[in-house]
Amino acid sequence: MQMTFEASSSVKLLFDLWDVHGPVGMVLSVFVVLLLTVFFEILKVWRVWLSSSSKLAQSASAYAAAPSGRTESCSVLDASPSESSLTSQPLSTRNRWLLHIIQTCLHILQVTLGYMLMLCVMSYNIWIFLGVILGSALGYFISFPLLGQMSLYGQPKQ
């Protein structure tokens, strides 16, 4: 196995079935790897958004338990978000477990996809490497601004 980068149009990726011979197969393989990398970046943002949404729902229950009386001095509600912005309900124990299971499955998917992309790069084919790099850049460009445009409630900021 070659351990230096090469610009060849033939490579074996991940499985014996994914054996590329020729320029058309290489272009299709680079496109598939690029799409997998974009999905990997979007998956990372989705997990962050899901995690922040669950933390918000948990913190909403803490604010709901705060005393409602206002005094002239600094109160708990002065430092908290406004009452009208706390629209999410606290998570029940069942929903927390369901969210935890979903987060675990997404984590497994993210780790598996990350290792598969690493193995694609370790084929030492320059075209596959560029597909991973461009897919990562494109996925970051697409997904991270979406995270900034979403409020923690899952609604677009106004």
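Each residue in the range 35-48 was checked for being more than 12 Å from residue 132 (Cβ to Cβ) and either touching a helix residue (DSSP H, G or I) at 6+ places or on another chain (Cβ under 6 Å) or basic (Lys, Arg) (or both), and 5 of them qualify. Could you please find all residues in the range 4-32 being buried (at least 17 other Cβ atoms within 10 Å of the Cβ) and touching a Phe, Trp or Tyr at 6+ places or on another chain (Cβ under 9 Å)? Residues satisfying the conditions are 11, 26, 29, 30. Scanning the range 109-144 for residues that are within 17 Å of residue 30 (Cα to Cα), in a helix (DSSP H, G or I) and of a type in the set (Gly, Ala, Ser) gives 114, 131, 135, 136, 137, 139. Remark: pairs (first residue in the range 21-34, under 18 Å from residue 133 (Cβ atoms); second residue modelled with pLDDT under 95 and open to solvent by less than 90 Å² (accessible area, probe 1.4 Å); Cβ separation under 7 Å; 6+ apart in sequence or on different chains) = 26/9; 26/20; 29/13; 29/20; 29/128; 30/128; 33/120; 33/128. Applying the selection to the range 1-59, what residues are assigned to a helix (DSSP H, G or I), at pLDDT 85 or above and not aliphatic (A, V, I, L, M)? Residues satisfying the conditions are 23, 25, 29, 31, 37, 39, 40, 41, 44, 46, 47. Filtering the range 116-158 to residues that are out of contact with any Pro (no Cβ under 7 Å at 6 or more places or on another chain), at pLDDT below 90 and open to solvent by 60 Å² or more (accessible area, probe 1.4 Å) leaves 144, 145, 146, 152, 153, 155, 156, 157, 158.
The values are calculated or read from the model by the stated rules, or taken from the named source; none is laboratory data. Because the structure is predicted, anything quoted here is derived from the model rather than measured. Positions of Cβ are generated from backbone atoms using ideal geometry, with glycine treated the same way; all protein chains shown enter the neighbour counts. We work out accessible area using only protein heavy atoms, side chains counted, and drop any ligands, DNA or RNA first. Shrake-Rupley method; radii C 1.70, N 1.55, O 1.52, S 1.80 Å.
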